[in-house]
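The values are calculated or read from the model by the stated rules, or taken from the named source; none is laboratory data. Quick caveat, the model's predicted, so the values are computed rather than measured. Ideal geometry is used to build each Cβ from the backbone, glycine not excepted, and the neighbour counts take in all protein chains shown.
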Amino acid sequence: MDKHSLLQMVITALAACCFVMVLTWIWAWKIKNAGVVDIFWAFNFPIIAIICYFSGTGFDIRKILMCSMVIIWGSRLGIYLFIRVGSHLKEEEGRYKQLRKEWQPVPDRKFFAFFQMQAISNVLLATPFFISCMNPDPVLSVLEKTGFLIWLLAIIGEAIADAQLKKFKKNPENKGKVCQRGLWNYSRHPNYFFEWIIWLGYFTFALASPYGWISILCPVTMLYLIFKLTGIPLTEEQSLRSKGDLYREYQRTTSVFIPWFKKVNR
């Protein structure tokens, strides 16, 4: 593995992501809506994939497959978030409103640091992309094919979960109610669950490359982010504020993450 080319690729990706997040912060500051960070966190991954494809010295077919996986996933997620957040630019999402309150009297300064941390997380999570795109082996392994299948099933599951929630929210009769349709009947956060499985797919794919085991940090980090930082905690806090006892009952009966059967009342 050409370590110099790898380092150059990582530095280029970091510079690009940080620059995107500076522009995103300026936009967020002007419109007073930090929720746009989610959109460009997703779009940063296709940018990294393009950098990996042109900078990576690995086997072309492997680069095309991995970079296509990242571009498809990141673009789908970014477009979905753009439609969801972009249609409500004048009203900041509840979890970011709460952070704005907690970060007074200098919320914009802290949001700048937060946005840059998102850029750093982009690059750290891109470890399997960097590693795979440096692998010169001209044969795709069973691990890479398995990783692709895991990714494919997970991205379909994530898209279904997002579509079900979007359809539920679109109906004005459901305002203030809790979505318990489809996958949301079996998990409070099926979108996060499939998001994590996607990263397991990337990890499995990268295992076929030298030093691929290092990318175990990606699904582990993603799980930490989901359970401890910007995922489930903030989402559930906002749901409790907006839906109250309805959401508490949902918490009591429904699996938090892995889709499973409802708890039976006793």
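Restricting attention to the stretch 217-235, does a residue exist that is closer than 18 Å to Thr253 by Cα and among the basic types (Lys, Arg)? Walk me through how you get there before you give the answer.
Pass one, the stretch 217-235, residues closer than 18 Å to Thr253 by Cα: 232-233, 235.
Subset that is among the basic types (Lys, Arg): none.
No, there is no match, as no residue in the stretch 217-235 is closer than 18 Å to Thr253 by Cα and among the basic types (Lys, Arg).
Given the criterion among the basic types (Lys, Arg), over 16 Å from Ala28 (Cα atoms) and within 19 Å of the chain's Cα centre (by Cα), identify the matching residue among Arg62, Arg76, Arg95. Let's see the steps before the verdict.
On the way: Arg62 fails: within 19 Å of the chain's Cα centre (by Cα); Arg95 fails: over 16 Å from Ala28 (Cα atoms).
So the residue among Arg62, Arg76, Arg95 that is among the basic types (Lys, Arg), over 16 Å from Ala28 (Cα atoms) and within 19 Å of the chain's Cα centre (by Cα) is Arg76.
Report, by residue number, each residue of the stretch 128-144 that is in a helix (DSSP H, G or I) and either acidic (Asp, Glu) or touching a strand residue (DSSP E or B) at 6+ places or on another chain (Cβ under 7 Å) (or both). Break it down stepwise before answering.
Going residue by residue through the stretch 128-144, those that are in a helix (DSSP H, G or I) are 128-132, 142-144.
Scanning the stretch 128-144 gives a single hit, Glu144.
Does the stretch 28-38 contain at least one residue that is modelled with pLDDT under 95, farther than 22 Å from Ile232 by Cα and surrounded by 19 or more Cβ atoms within 10 Å (Cβ to Cβ)? Give the derivation first.
Our first condition is that a residue be modelled with pLDDT under 95; within the stretch 28-38, this holds for 28-38.
Then drop every residue that is not farther than 22 Å from Ile232 by Cα, which leaves 28-32.
Next cut, surrounded by 19 or more Cβ atoms within 10 Å (Cβ to Cβ) only: 28.
Yes: the stretch 28-38 contains one or more residues that are modelled with pLDDT under 95, farther than 22 Å from Ile232 by Cα and surrounded by 19 or more Cβ atoms within 10 Å (Cβ to Cβ).
Residue by residue, here is whether (1) within 30 Å of Met9 (Cα to Cα); (2) of a type in the set (Val, Ile, Thr); (3) crowded, with 16+ Cβ neighbours inside 10 Å; (4) modelled with pLDDT of 85 or more holds:
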| site | (1), (2), (3), (4) |
| --- | --- |
| Leu89 | no, no, no, no |
| Glu92 | no, no, yes, no |
| Arg95 | no, no, yes, no |
| Leu99 | no, no, yes, yes |
| Val106 | no, yes, no, yes |
| Ala113 | yes, no, no, yes |
| Ile120 | yes, yes, no, yes |
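Looking at (1) over 13 Å from the mean Cα position of the chain (by Cα); (2) touching a residue at least 60 places away in the same chain (Cβ under 8 Å); (3) over 16 Å from Pro128 (Cα atoms); (4) surrounded by fewer than 18 Cβ atoms within 10 Å (Cβ to Cβ), which is the only condition Gly182 fails?
Single failed check for Gly182: (2).
Considering only residues that are more than 19 Å from Leu14 (Cα to Cα) and crowded, with 22+ Cβ neighbours inside 10 Å, which ones fall in the stretch 67-87?
Once the filter is applied, which keeps residues that are more than 19 Å from Leu14 (Cα to Cα) and crowded, with 22+ Cβ neighbours inside 10 Å, the stretch 67-87 yields Met69, Trp73, Leu77.
Which one of the conditions (1) at pLDDT 95 or above; (2) surrounded by 15 or more Cβ atoms within 10 Å (Cβ to Cβ); (3) in a helix (DSSP H, G or I) does Ser187 fail to meet, given that it meets all the rest?
Failed condition: (3).
Select from the stretch 235-260 the residues that are outside any helix (DSSP H, G or I) and β-branched (Val, Ile, Thr) and write down the one among them that is farthest from the chain's Cα centre (by Cα). It would help to see each step written out before you state the result.
First pass over the stretch 235-260, keeping only residues outside any helix (DSSP H, G or I): 244, 254-260.
If we keep only those that are β-branched (Val, Ile, Thr) as well, we get 254, 256, 258.
Numbers: Thr254: 22, Val256: 17, Ile258: 17 Å.
Checking each candidate, the answer is Thr254.
Can you name the condition, by its number, that Ile61 falls short on among (1) surrounded by 19 or more Cβ atoms within 10 Å (Cβ to Cβ); (2) modelled with pLDDT of 95 or more?
Looking at each condition in turn, Ile61 falls short on (1).
Provide a single number: the residues in the stretch 226-266 that are surrounded by 17 or more Cβ atoms within 10 Å (Cβ to Cβ), under 23 Å from Tyr96 (Cβ atoms) and not polar (S, T, N, Q).
Residues in the stretch 226-266 being surrounded by 17 or more Cβ atoms within 10 Å (Cβ to Cβ), under 23 Å from Tyr96 (Cβ atoms) and not polar (S, T, N, Q): 7 in total.
Of all residues in the stretch 100-127, which are under 24 Å from Ile71 (Cβ atoms) and assigned to a loop (DSSP other than H, G, I, E, B)? Before the answer, list the steps.
Of all residues in the stretch 100-127, those under 24 Å from Ile71 (Cβ atoms) come to 115-127.
Selection gives Ala126 alone.
Spot the failing condition for Thr230; the list is (1) of a type outside the set (D, E, K, R); (2) in contact with an Asp or Glu (Cβ under 9 Å, 6 or more places away or on another chain); (3) at pLDDT below 90; (4) in a helix (DSSP H, G or I), and only one is missed.
The failed condition is (4).
Working only within the stretch 140-157, note down all residues that are in contact with a Leu (Cβ under 8 Å, 6 or more places away or on another chain) and over 20 Å from Gly212 (Cα atoms). So that I can check it myself, show each step before the final result.
Filtering the stretch 140-157 for residues in contact with a Leu (Cβ under 8 Å, 6 or more places away or on another chain) gives 140, 143-144, 147-148, 150, 154, 157.
Of everything in the stretch 140-157, those that are in contact with a Leu (Cβ under 8 Å, 6 or more places away or on another chain) and over 20 Å from Gly212 (Cα atoms) turn out to be Ala154, Gly157.
Got a number for residues in the stretch 166-179 being free of Cβ contacts under 8 Å to residues at least 60 places away in the same chain and in a helix (DSSP H, G or I)?
7
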